[in-house]
């Protein structure tokens, strides 16, 4: 047991009542994708109260191992009375030997059994983990039970709180295979106290946070408009990273390899740079020969199960010199705002006054050109064949070039312009095309709304007000200008330079909240997350974020806008949503937003789509629902059929499946508070099966039994609040 007086916070947690760990594996038999019986490893328990403690608790505070508690057990007692931030921690290994640790990587979650001794309604506890690497600074993210866990009150009854282990280490140097301690923090006033009975790692996933329902029901109906439709490319279900097991389970034909690090990827030595995301430090596992690099491993793994790659090549002009150097040495360039944990000589390139450090780009990088990329493509073709022979289907021209001056300012401090983008596009695309004329090429990889309209050079020190670079190009939006140049090239040469227009999209911050990054049950945040998918297509939706006042001031409808540019300047060019994520992985909105995105991509005739990075939490079962809902290959159809629905809270996406001519319909209830009475009208009568993701089944796809046969072409269905239902209709 652990007894504690604390609070403050950060991420996604959940609470179960007494005995919850023994009940977590009690799943309904009709839930597909059920995990095996959970395993766990207890690292601290009141039955074996071991370890050592530390504290900065101030007057009246203490932390003690083995203090008798009210129920006769031995607790770890933590008492806090002083004002200000109060800190303490437990090292369950006792700091000895120095390499003592527990490996948490086989597990999904950290489970803490807790109850409150005081009666403070807002009493909170913030936890973080520690490893034995002794890195400088804080290695772990922190988690607040109240703020991010959706917990209203920590009661006097025992509760088991389950926290996602991976989130402790996300974007942090924490080593989950070398854990040996847990830290506690609180910044509240007054006396607060908890008891903790055990700390364990478990294979259980944190349960889904649930929204309160209002008991009301909405009514809505939809009908099939026509049996004429269009093909849905399987490439809209893409990921930016997935195991071979998931590729096989979901039958995915393509994965993307890219991101910020790919801009400086040196394929010859298998090294890249963490760039601005990680102290401009080079990294990568050395290889004996290029055929063992990350490109080749991905290509071989994908090819072994019949999949291919959407592979990024560097066009930045610089790649990593090695796998260990960094661009901003403190010894060389002086004191900087931050340094890498555990390495005081690797700075972040911002000096003590807040200005960017001017560095020598050759400290960590070497200059390369189109020949370097051409040689890499040639090496891939030699080893795995051309695209037409099962090689790489798509080569992608770098990543978000209009952010190079920020992400890669160590080698490209000057903002990229219209002309630089086009010059590099021509040089690198022609070099790639020469090596594999059967592959497709994608560009320019826009980072979002702003660079569809203006180049990085247009910022001009005045936040894009004057746009001098855009004005030099007849005031044409950068995205449209790029498409026009590609069309002119194709008309002149009789063949395309770039086959695919690639853009990235994330919902933007509103009222200080970020849908992609932020978690929790704030209703306005979660409802905004669901509305923000409309930016992809809806001409009647006005963006609610800063986007509304940027660009041309019109509704974003970004997919349809890009398609209009293509129709005007370069018919036949494909569209790829090369990177996106709407977040919400800790509650049902993550599943709803992802299902909406699949439906939008299918309806809007987008050629490719790639979630960044792999589906997490509630996103993951959406791939099951669309690609393997029954565990036997059942999936959403391949031929999209238009429908019309009379309620904005409801969406229907329908498609016919080739294998058995079944109609499949993804029916979404976006209302987080109200269930729906739904009516679907379509020609003929059908037997109906249904699978569903909802708040009752958590991160699972569940079959919904006893769906009645349609009567006179009408199906009546009850939809839970916040749910995605896959209907399969067979005559």
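Would you be able to tell me the number of residues in region 234-249 that are within 24 Å of residue 502 (Cβ to Cβ), in a helix (DSSP H, G or I) and at pLDDT below 95?
Residues meeting the conditions: 2.
Which of the residues that make up region 111-130 are in contact (Cβ under 8 Å) with a residue 40 or more places away in the chain and more than 25 Å from the chain's Cα centre (by Cα)? Step through it out loud before you land on a result.
Step one: list which residues in region 111-130 are in contact (Cβ under 8 Å) with a residue 40 or more places away in the chain, which gives 111-118, 120, 122-130.
Once the filter is applied, which keeps residues that are in contact (Cβ under 8 Å) with a residue 40 or more places away in the chain and more than 25 Å from the chain's Cα centre (by Cα), region 111-130 yields 112, 113, 114, 115, 116, 117, 118, 120, 122, 123, 124, 125.
Restricting the search to region 187-203, which residues are touching a strand residue (DSSP E or B) at 6+ places or on another chain (Cβ under 6 Å) and either within 15 Å of residue 76 (Cβ to Cβ) or not in a strand (DSSP E or B) (or both)?
First, pick out the residues of region 187-203 that are touching a strand residue (DSSP E or B) at 6+ places or on another chain (Cβ under 6 Å): 194-202.
Matches in region 187-203: 194, 195, 196, 197, 198, 199, 200.
From 267, 295, 257, grab the single residue that is under 30 Å from residue 640 (Cβ atoms), at pLDDT 95 or above and in the same structural domain as residue 323 (by TED's automatic domain parsing).
Details: 267 fails: under 30 Å from residue 640 (Cβ atoms); 295 fails: under 30 Å from residue 640 (Cβ atoms).
Exactly one residue qualifies, and that residue is 257.
Could you tell me how many of the residues in region 294-316 are assigned to a loop (DSSP other than H, G, I, E, B) and closer than 27 Å to residue 421 by Cβ?
From region 294-316, those assigned to a loop (DSSP other than H, G, I, E, B) are 305-307, 314-316; that's our starting set.
After this cut, where a residue has to be closer than 27 Å to residue 421 by Cβ as well, the list is 314-316.
Of the residues in region 294-316, 3 are assigned to a loop (DSSP other than H, G, I, E, B) and closer than 27 Å to residue 421 by Cβ.
Going through 569, 504 one at a time, which residue ends up being touching a helix residue (DSSP H, G or I) at 6+ places or on another chain (Cβ under 9 Å) and within 26 Å of residue 398 (Cβ to Cβ)? Spell out the reasoning first.
Values: 504 fails: touching a helix residue (DSSP H, G or I) at 6+ places or on another chain (Cβ under 9 Å).
Just a single option satisfies the conditions, and that option is 569.
Sort through 495, 519 and tell me the only one that's under 19 Å from the mean Cα position of the chain (by Cα) and in the same structural domain as residue 423 (by TED's automatic domain parsing).
The conditions single out 519.
Tally the residues that are outside any strand (DSSP E or B) and either touching a strand residue (DSSP E or B) at 6+ places or on another chain (Cβ under 9 Å) or on the phi > 0 side of the Ramachandran plot (or both), restricting the search to region 317-348. Step through it out loud before you land on a result.
Just the residues of region 317-348 that are outside any strand (DSSP E or B), to begin with: 317, 321-325, 327-328, 330-335, 337-338, 341-342, 348.
Filter again for either touching a strand residue (DSSP E or B) at 6+ places or on another chain (Cβ under 9 Å) or on the phi > 0 side of the Ramachandran plot (or both), leaving 317, 321-325, 327-328, 330-335, 337-338, 342, 348.
Total meeting the criteria: 18.
Here is a yes/no grid of residues against (1) modelled with pLDDT of 85 or more; (2) not assigned by TED's automatic domain parsing to the domain that holds residue 679:
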site: 181; (1), (2): yes, yes
site: 185; (1), (2): yes, yes
site: 188; (1), (2): no, yes
site: 193; (1), (2): yes, yes
site: 208; (1), (2): no, yes
site: 222; (1), (2): yes, no
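Which condition breaks for residue 474 when tested against (1) closer than 27 Å to residue 508 by Cα; (2) assigned to a loop (DSSP other than H, G, I, E, B)?
Here residue 474 meets the rest and fails (1).
Scan (1) over 25 Å from residue 239 (Cα atoms); (2) in a helix (DSSP H, G or I); (3) in contact with a strand residue (DSSP E or B) (Cβ under 6 Å, 6 or more places away or on another chain) for the single condition residue 544 breaks and write down its number.
For residue 544, the exception is condition (2).
Taking residue 709 as the residue in question, decide whether it is more than 32 Å from the chain's Cα centre (by Cα) and on the phi < 0 side of the Ramachandran plot. Reasoning before the result, please.
Numbers: more than 32 Å from the chain's Cα centre (by Cα): yes; on the phi < 0 side of the Ramachandran plot: yes.
So residue 709 passes the test.
Checking residue 303 against (1) farther than 29 Å from residue 133 by Cβ; (2) touching a strand residue (DSSP E or B) at 6+ places or on another chain (Cβ under 6 Å), only one condition comes out false. Which one?
For residue 303, the exception is condition (2).
Among the residues of region 309-355, how many are in contact with a helix residue (DSSP H, G or I) (Cβ under 7 Å, 6 or more places away or on another chain) and modelled with pLDDT under 95?
Summing the residues that are in contact with a helix residue (DSSP H, G or I) (Cβ under 7 Å, 6 or more places away or on another chain) and modelled with pLDDT under 95 in region 309-355 gives 2.
For region 365-381, state whether one or more residues are over 19 Å from residue 428 (Cβ atoms) and without any contact (Cβ under 8 Å) to a residue 24 or more places away in the chain. Outline the logic, then answer.
Pass one, region 365-381, residues over 19 Å from residue 428 (Cβ atoms): none.
Scanning region 365-381 turns up no residue that is over 19 Å from residue 428 (Cβ atoms) and without any contact (Cβ under 8 Å) to a residue 24 or more places away in the chain.
Against the conditions (1) assigned to a loop (DSSP other than H, G, I, E, B); (2) touching a residue at least 40 places away in the same chain (Cβ under 8 Å); (3) surrounded by fewer than 23 Cβ atoms within 10 Å (Cβ to Cβ), where does residue 672 fall short? Just the number, please.
(3)
Looking at (1) modelled with pLDDT of 90 or more; (2) surrounded by fewer than 19 Cβ atoms within 10 Å (Cβ to Cβ), which is the only condition residue 127 fails?
(2)
Quick one: which residue in 688, 652 is part of a strand (DSSP E or B), farther than 25 Å from residue 590 by Cα and modelled with pLDDT of 95 or more?
Working: 652 fails: farther than 25 Å from residue 590 by Cα.
Of the residues listed, the single one that is part of a strand (DSSP E or B), farther than 25 Å from residue 590 by Cα and modelled with pLDDT of 95 or more is 688.
In region 699-731, what residues are closer than 13 Å to residue 682 by Cα and in a loop (DSSP other than H, G, I, E, B)?
Within region 699-731, 709, 710, 712, 713, 731 meet the criteria.
Filter region 259-289 down to the residues that are surrounded by 16 or more Cβ atoms within 10 Å (Cβ to Cβ) and more than 15 Å from residue 321 (Cα to Cα), then identify the one that is nearest to the chain's Cα centre (by Cα).
Taking the candidates together, the pick is 259.
Hey, can you tell me all the residues within region 520-541 that are in a loop (DSSP other than H, G, I, E, B) and in contact with a strand residue (DSSP E or B) (Cβ under 8 Å, 6 or more places away or on another chain)? Step through it out loud before you land on a result.
In the first step, residues of region 520-541 are kept if they are in a loop (DSSP other than H, G, I, E, B); the result is 520-522, 537-541.
Residues satisfying the conditions are 520, 521, 522.
So, in region 138-166, exactly how many residues are outside any loop (DSSP other than H, G, I, E, B) and either modelled with pLDDT under 85 or more than 19 Å from residue 517 (Cβ to Cβ) (or both)? So that I can check it myself, show each step before the final result.
We begin by selecting, within region 138-166, every residue outside any loop (DSSP other than H, G, I, E, B); these are 143-144, 159-166.
Keeping just the survivors that are either modelled with pLDDT under 85 or more than 19 Å from residue 517 (Cβ to Cβ) (or both) gives 144, 159-162.
Qualifying residue count, region 138-166: 5.
Condition check ((1) modelled with pLDDT of 95 or more; (2) surrounded by fewer than 18 Cβ atoms within 10 Å (Cβ to Cβ); (3) out of contact with any helix residue (DSSP H, G or I) (no Cβ under 6 Å at 6 or more places or on another chain); (4) within 30 Å of residue 258 (Cα to Cα)) across all residues:
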position	(1), (2), (3), (4)
603	yes, no, yes, yes
607	yes, no, yes, yes
622	yes, no, no, yes
625	yes, no, yes, yes
635	yes, no, no, yes
643	yes, no, yes, no
680	yes, no, yes, no
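Could you please let me know if residue 54 is assigned by TED's automatic domain parsing to the domain that holds residue 104, crowded, with 20+ Cβ neighbours inside 10 Å, at pLDDT 85 or above and more than 30 Å from residue 622 (Cα to Cα)?
no
The values are calculated or read from the model by the stated rules, or taken from the named source; none is laboratory data. Since we're looking at a predicted model, the values are computed, not measured. Reconstructed Cβ throughout: ideal geometry from the backbone, glycine too, with neighbour counts over all protein chains shown.
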